[in-house]
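Values in this text are rule-based calculations from the coordinates and carry no lab data. Keep in mind the model is a prediction, meaning the values are calculated, not measured. As a convention, Cβ positions derive from the backbone with ideal geometry for all residues, glycine included, and neighbour counts pool all protein chains shown.
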Amino acid sequence: MLFLAAPKIYWALLFFLFLMAAFFPLITIYIMYRNKSISSISIPIRKERLPVLILISIYYLMTYYIFRYWNSTLLNLFHPYLSFLFAGLVLILTLTVITYWWKISLHSSSISALCGGMMAETLIAQPVASQSQVLYINMALLVLVGIVSFSRLYLKAHSLSQTIAGIVLGFTLAFSLVFFQIYI
């Protein structure tokens with residue numbers, strides 16, 4: 001929908017989103033590793049995760065704020081996506097608070113949030129999308145949740161309870177916020 005409405009800015013917006021949500025957080029982790037602020041790129045120690053999560057929260061907050069501003073100037077073209085971005089922001093803030101006391105699986109939580117948000121989005125857009133397309137997208141995302149969560153257990157990066165908690169938190173939070181189109 002956004003590509004059809006604003007094809008000239010679509011790729012620039014997607015690139016900006018990639019920079020703020022993936023590239024800058026990865027660069028931040030690398031810089032923190034090189035400066036010995038964290039012991040490993042995988043950040044296995046719970047207390048080392050807190051500064052990383054706080055910085056990533058700042059990136060997500062800036063991204064959300066910018067997209068909210070652009071939404072008001074671009075005829076509300078981002079309205080369907082704001083609840084998705086807001087869900088990501090709420091998730092990262094929630095994970096930061098939880099990580100203060102307990103090591104939850106960030107990977108399982110993130111992939112489950114993507115799955116929950118996309119599932120809610122496909123249910124909302126169901127009259128527009130074909131049933132088979134919706135089914136295939138959701139099946140692929142559920143398989144990804146299984147692969148990522150299994151890998152966290154297989155690598156012994158998390159316990160079963162940490163992984164399941166991440167799955168439940170990510171999926172329910174993103175599904176709820178996106179399905180009901182909740183954002184500030």
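For the chain, the longest principal axis of the C-alpha atoms and the axis of helix 160-179 are separated by about 20°. Helix 24-34 versus the longest principal axis of the chain: what angle, 0 to 90°, nearest 10, using Cα atoms? Value to nearest ten degrees: 10. Relative contact order of segment 1-76: 30 percent, from C-alpha pairs under 8 Å at least 6 residues apart in sequence. Neighbour counting of Cβ atoms within 10 Å sorts the residues 183, 30, fewest neighbours leading, into 30, 183. Here the sum of -39500 (n - 2.57) over DSSP H runs of 4 or more residues, divided by the residues of the chain, equals -26000 deg cm²/dmol at 222 nm, to the nearest 500.
Normalised by 2.2 N^0.38 Å, where N counts its residues, the alpha-carbon radius of gyration of segment 1-73 equals 1.38. Per residue, the average separation of C-alpha pairs within less than 8 Å and at least 6 apart gives the chain a relative contact order of 26 percent.
Remark: relative contact order (segment 91-184) = 51 percent; criterion is Cα-Cα distance under 8 angstrom and separation of 6 or more residues. Between the helical axis of 131-154 and the longest alpha-carbon principal axis of the chain there is an angle of about 10 degrees. Pick the calculated Rg/Rh (Cα atoms, Kirkwood Rh) for this structure from (i) 1.13; (ii) 1.45; (iii) 0.98? Checking each listed value against the structure points to (iii). Scaled to the globular estimate 2.2 N^0.38 Å, the Cα spread of segment 92-139, given as radius of gyration, is 1.52.
The packing ranking of peptides 138-147, 101-110, highest mean first, is 101-110, 138-147, where packing means the average number of other beta carbon atoms within 10 angstrom of each residue.
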